[in-house]
Amino acid sequence: MTEEILGQGSDESKAVLVAAGEDRQLPELGRLAQTLGLRVVGELEQGRRDGVGYVGRGKREELKELVDQTGAGLVVTDDELSPSQARVLEKVAGVTVVDRTLLIIRIFEAHARDAASRLEVELAELTYRLPRVRGGYKALSRLGGGGVTTRGPGEQQLEYDRRVIRERMERIRKRLEEERSARKVRGARLKRGGPPSVALVGYTNAGKTTILNALSGERRSTADRLFETLETTTRLVPGGYGDHENGKAGEASARPDFVLTDTVGFIKKLPTQLVHSFASTLEAAADADIIVLCADAGSEKLEEEIQTVRETLADTLSEVDGEGSQCQEEAVLCLNKSDIVSEDRRRELRIHYPESVLMSARRDASPLLGAINEALARSRVRMQLLIPHAQHGLVSGLYGRAEIHAREDTTQGTELDVTLSEPQAKRYENYRTA
C-alpha cells in the first residue's frame with residue numbers, strides 16, 4: 001500500500017516522527033502513520049514549538065542524525081507546518097517532510113468509498129494546497145495525490161495554478177451543497193413517517209462499526225485502522241416482538257424498530273480543512289433522536305478522547321445547523337471493548353462513569369440495545385388507543401414504530417397501550433383514550 005501511495009522505494013516506507021509544543025500526540029501520530037502503511041523507525045520531541053523550523057536548530061541537527069541512522073525516507077510532524085517551516089526541515093533532514101494534516105488527508109483519500117466522501121477529501125486537499133503552490137512543497141507529490149500542478153515558470157504560471165484550484169474548489173462546493181440539500185429533503189421525508197433514529201459518534205477506532213454490525217447484522221469492515229469508516233452507513237435495527245397479530249394484554253413490551261447510523265470517527269487536532277467533511281457526514285447526528293457516544297474502554301486517554309468528541313461534535317453540528325444552533329448531548333455513553341481491560345479497570349470505569357454502558361460489541365451488544373430503547377422511551381409519548389376493527393391496518397402500522405406495552409381485542413376495537421415518537425403520536429391522536 002505504501003509504495004502505491006508514495007510511488008517511491010522502500011526507504012520511504014520508513015518514517016521518523018517529530019512533535020513539538022505542549023500538546024504532543026506521538027502515539028496517535030504513530031498510529032496514523034501505520035494506517036497509511038508507514039513504518040515508524042524513530043521519534044523526536046521538543047517542549048516548545050519553533051516558528052522557523054517547527055523544532056529548534058539543535059533539535060533539527062538531532063533530526064538529521066536520526067534520519068541518517070535509521071535510513072528513514074520521511075519525516076512526519078505532529079502539527080500542520082507552514083510552507084517555510086516545511087522547507088527548513090526538509091533542507092536540514094534531507095528527506096521529504098509530511099505534516100499531520102496531509103497525513104490525515106491521505107488516509108481519508110485512501111478510505112473514501114462514496115462520491116460525496118471523495119469530493120470532501122478533494123476539497124480538503126485543495127484548501128491545503130492553495131497556500132503551498134509557490135514553494136512546490138515536495139510532500140504534496142511524494143505522499144501521493146494529483147490534480148493541479150504546483151510548478152510553472154514565473155508569477156503568471158503561479159497565478160494560473162491558483163485560479164485553477166479556486167475554480168475547482170467552487171465547483172466542488174456547489175456539488176456538495178446540492179447533495180446536502182437532497183439529503184435534507186430525503187431525511188425530512190423519512191423523519192415524518194419512519195422509525196426513530198440513533199447516531200453512533202465517537203473517537204476513531206472506538207468500535208462504532210462493530211456495534212453497527214452487532215445490532216443490525218451488517219458486515220461492514222472493522223479493520224483495526226484509524227478512519228476505517230468515512231461515509232455514513234445507516235441500517236434498520238428490528239425491534240423485538242412476539243406474534244404481531246396475536247399480541248395479548250400483559251405480554252412483554254414490544255420494542256420498536258430504529259434506524260442506526262455509523263459516522264466518521266473523531267480525532268485530536270482535527271485539520272481545519274476537514275471540519276466541513278465531518279460536518280457533512282454528521283448531519284445524521286444532528287437529526288438523530290438519540291446520540292450514542294462510543295469510546296474505547298481500554299484507551300489510556302479515555303477522558304481526553306470523550307471530551308474531544310463532545311467538543312468536535314458541538315463545532316461540526318454548529319456548521320450543519322448554522323450559527324446559534326445548540327448541540328444535542330448524547331443520551332448514551334458506551335464504553336466499548338471492555339473485554340480487553342482488567343477487572344480492576346472495569347471497576348474503576350463503573351465508578352467514574354456510573355451511567356455508562358460498559359460492554360464488548362464483539363461478545364454481547366444487548367446492554368447497549370437496552371440502553372438505547374430506554375433512551376428512546378424517555379423521548380417519546382405514552383398513550384392509550386382504541387382503534388376500531390374497520391381500521392385494523394392502523395394497528396399493524398404501529399408494529400416497528402411503537403413500543404407496545406399491552407394489547408387487547410374488544411367488541412369496540414383494539415385497545416393498545418403504546419409509546420410513540422411525537423410525529424407518530426400526532427397521527428394517532430384521534431384514537432387516543434388516555
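Rule-based calculations on the coordinates, nothing more; no lab input. Everything numeric in this text was worked out from a predicted model, so none of it was measured. Every residue, glycine among them, receives a Cβ derived from its backbone with ideal geometry; neighbour counts consider all protein chains shown.
The table for this structure:
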{"item": "Fewest-first sequence of V75, V237, V16 by Cβ atoms within 10 Å of each Cβ", "result": "V237, V16, V75"}
{"item": "When each of K91/K269; K14/K174; K64/K301; K14/K337; K174/K208 is checked by Cα-Cα distance, pairs over 28 Å", "result": "K14/K174; K64/K301; K14/K337; K174/K208"}
{"item": "Cα-projected label distance for R57 with A115, points at 7 Å along beta-carbon direction, nm", "result": "5.6 nm"}
{"item": "Set of segment 67-84 residues, backbone N closer than 20 Å to the point 7 Å along the Cα-Cβ line of R39", "result": "67-77"}
{"item": "Segment 2-142: relative contact order as a whole-number percent, Cα under 8 Å and 6+ apart", "result": "24 percent"}
{"item": "Calculated FRET efficiency for the pair T234/E408, C-beta based, R₀ 56 Å, to 0.05", "result": "0.95"}
{"item": "Among beta bridges that DSSP assigns inside segment 2-142, antiparallel share in %, nearest 5", "result": "5 percent"}
{"item": "Protection proxy ranking of 352-359, 304-311, 340-347, 169-176 - average other beta-carbon atoms within 10 Å, highest first", "result": "304-311, 352-359, 169-176, 340-347"}
{"item": "Efficiency of FRET from Cβ geometry, D23 and A377, R₀ 35 Å, rounded to 0.05", "result": "0.30"}
{"item": "Karplus-derived 3J(HN,Hα), 6.51/-1.76/1.60, for each residue of segment 331-341, Hz, glycine and proline x", "result": "8, 9, 9, 10, 9, 8, 6, 5, 6, 9, 10"}
